[in-house]
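These notes are about the structure you will find just below.
The values are calculated or read from the model by the stated rules, or taken from the named source; none is laboratory data. Just so it is clear, the model here is predicted, and its values are computed rather than measured. Because the Cβ atoms are built from the backbone with ideal geometry, glycine has one as well, and the counts that use them run over all protein chains shown. Ligands, DNA and RNA are stripped out before the accessible areas are found, and what is left, the full protein with its side chains, is counted by its heavy atoms. Shrake-Rupley method; radii C 1.70, N 1.55, O 1.52, S 1.80 Å.
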Amino acid sequence: MHSLSSIRFLMAFILVSITTSNVFSQSNDQTTETVIHLLDYIARDYPEAVQNGEIVDADEYEEMLEFSAQAYDLTKEGSFLSEKDKNVLEALEQLKIFVQEKKSATEVGELSRRIRNSLIEITGIQTAPALWPDASKGKALYAINCASCHGTKGNGDGPWAEGLDPAPSDFNHSDLMRQVSPFQAYNTIKLGVNGTSMRAFSELTEDQLWDLAFYIKAIRFQDDQTDTTALRAHFEKIYPEVNLKDVATYSDDELLARLSEKSGKATLQLKALRLLVPTGEESNSSLSIAKEHLNAALKNYTDGNKTLARTSALTAYLEGIEPVEARLNANNPAFTLKIEQQMLKVRQAIEQDLGVETLKEETYKALTLIDDASQILQNHKLNYWLTFVLAASIMLREGLEAFLILAVVLALIRTSGVKKALPWLHGGWITAVILGIAGWFLSDYIIQFGAKNREIMEGLIALFAVVILVYVGFWLHNHSHAKKWKEFIENKIGRYLQKDKMFGLAAFSFMVVFREAFEVILFLQAINLESEPENKSAIALGVLAAVACIAAMVYLFQKYSKRIPVRQLFQYSSWIVVFLAIILMGKGFHSLQESGWISVTGIPSLFRIDWLGFYPTLETILAQAGLLIAIFITYKITNQRIEKTMLNKS
């Protein structure tokens, strides 16, 4: 239990005490702000003083009497009420009487809030900033002005806190902070708390006051497990139903009550509203997360915690850089590659234990590039046609990968005349497409799956596809040597496409398409969250345009693949699927590297080709080279066996 003095100081963010000696030097706005603070305090703390018509805390009750009287006197002596607004003064007088008569907390609270709202309406006082505050600036202001008393993490344990009476507030104390609005915090920072060590920060500008107030309100919601993309989705769903003024003037309790009426995810939405800002209102919230986690990685490494440093560095990329990659790539592909490589160097410096100085240097370079990325995004905001192009390019790129694999298998089935296999092949990819469409509407759950887990899943699916493709490639290669092709088709193909193996065909078809559909959902959702409402239809148009292009390619492939002799088709297809397997091997290993499952050893002098699955890391190159060598050796052994068999038959 807190002592009475500690509780009073903990409520500093909802009260500005003022003596009559300095009342007359205040401006009308400052006087109004003070009255509003007094009313907020009375509404909130009166239950601590009076219950069931009885005084339960004499000291607290004395404050209620004093504050209700001060609110009345300040309003009466002020010049902000006209004759027609005298009903506010009458209400304040009634409030004094309510307190004196020990009325119920409900009556006192409702009257206090009604007077407060009337004063805000009458005076037109600004209770919210004109633009969304900047969290990074608020954090810097906090470090300079507040951390010495309140501690670096806001726990009230700063180096100057010892001996202060009352003790500095703990901004992570949920019972306290859930009752405080940013507007109340703003006023306390601006005016100070009389009789405590909390001075007035009158030297700060209005913007700085709001930056600091919003940051203090966000402190208790910050943690290392924050999934920026998931929170962004929650934010975009509730905004602008809850606007900036609401966020500034409502306490957490009040916001939760309002959000609970609209959604079953009020707690996550509250967290999003306290941590994020609308897209375009700042340099980019995910990039801010990237900077924060990079700094955390450096600090953790410096403190000797290599494991935590590695986790922070991974989070910086997955939650900070990856959500904006599509936009960056559309504006400057070379820069996108550069920032990805630099983030890789940071992780590499940690994994290879290259020392604090090396990590500092690499982190500084990464932070500089993040600032450049922020500027690029600010200068190239998403318009209608850029949204269209991004959506179309993403759908086309991912769709073509799946098409190349399935088109070969489909052509082989049609050429072989085994039509009963077609429903299984089509059933697999159609199911994946249906789930992909459903996934768009259930993207909240997919996003909350976590960036790391998504990368792991994508990597494992890619490696599964590699195994199947290599098997298919050798199967095609082996049977392209059959002399009596018609006999082979009639007598043997059925055994390879029995019902149980057809289920495997369907599973393969599903996995190939589902992996791409999963990526499409994530990339398109990132664009959707950053697009203005009037530009969102461009996403659907872009997807439809890409689907039309892919459909045209499917038609042309179907038409002209029939002209290729079956034996040659098997030969060509065997090398195509093996080539695709090598590509997917690189992509699979790259995804597992991004998730942290596989170590990263960069090769800076090498280039990168995403669509070929070629990445400048030792691990991905060795994996692809190893697969290529294994295929070559198996090819040689298989050829020798086939030649020997054919020689014996002749």
Q. For the range 95-191, what class follows from the C-alpha gyration tensor (a ≥ b ≥ c being the square roots of its eigenvalues): rounded when a/c is under 1.5, otherwise prolate if a/b is larger than b/c, else oblate?
A. oblate
Q: Run the accessible area of the range 167-270 with a 1.4 Å probe and give the carbon-and-sulfur part as a rounded percent.
A: 46 percent
Q) Which of the peptides 253-265, 176-188, 420-432 is most tightly packed, and how do the rest follow, going by the mean number of other Cβ atoms within 10 Å of each residue? A) 176-188, 420-432, 253-265
**Q.** Over 20 Å (Cα to Cα) - which of Lys291/Lys587; Lys271/Lys306; Lys76/Lys96; Lys190/Lys271; Lys76/Lys245 fall in this group
**A.** Lys291/Lys587; Lys271/Lys306; Lys190/Lys271; Lys76/Lys245
Q.
Rounded to whole Å, give me the distance from the Cα center of the range 349-398 to that of the range 107-123.
A. 48 Å
Q) Between Ile437 and Asp157, what is the spin-label point distance in nm, taking each point 7 Å from the Cα along the Cα→C-beta axis? A) 5.5 nm
Q) So how exposed is Phe221, as accessible area in Å² (1.4 Å probe, rounded to 10)? A) 20 Å²
Q.
Give me, ordered by chain and number, the residues 5 or more places off Phe614 or on other chains with an amide H under 5 Å from its own placed amide H.
A. Ile609
Q: Just grab the label-to-label distance for Asn52 and Asn383, each label 7 Å out from Cα along the Cβ direction, in nm (one decimal).
A: 6.9 nm
Q.
With every protein chain left in place and a probe of 1.4 Å, what is the accessible surface of Lys365, to the nearest 10 Å²?
A. 90 Å²
Q | Net length gained if the chain between Asp253 and Ala551 were fully extended (0.36 nm per residue, minus Cα distance) | A | 102.0 nm
Q) By the scheme Lys and Arg +1, Asp and Glu -1, what is the net charge of all other residues having a beta-carbon under 10 Å from that of Gly320? A) -2
**Q.** Gained length - Glu261 relative to Asn331, 0.36 nm times residue gap less alpha-carbon distance
**A.** 21.1 nm
Q: Considering only protein heavy atoms, with the full assembly of protein chains and a 1.4 angstrom probe, order Lys299, Lys636, Lys96 by accessible area, largest first.
A: Lys299, Lys636, Lys96
Q. Can you give the accessible area of Ile598, probe radius 1.4 Å, in Å² rounded to 10?
A. 40 Å²
Q.
Could you work out how much longer the chain between Thr307 and Lys86 gets when fully extended? Use 0.36 nm per residue separation minus the Cα distance between them, nm to one decimal.
A. 73.1 nm
(Q) Please compute the per residue accessible area over the range 39-197 with all protein chains in place, 1.4 Å probe, rounded to a whole number of Å². (A) 48 Å²
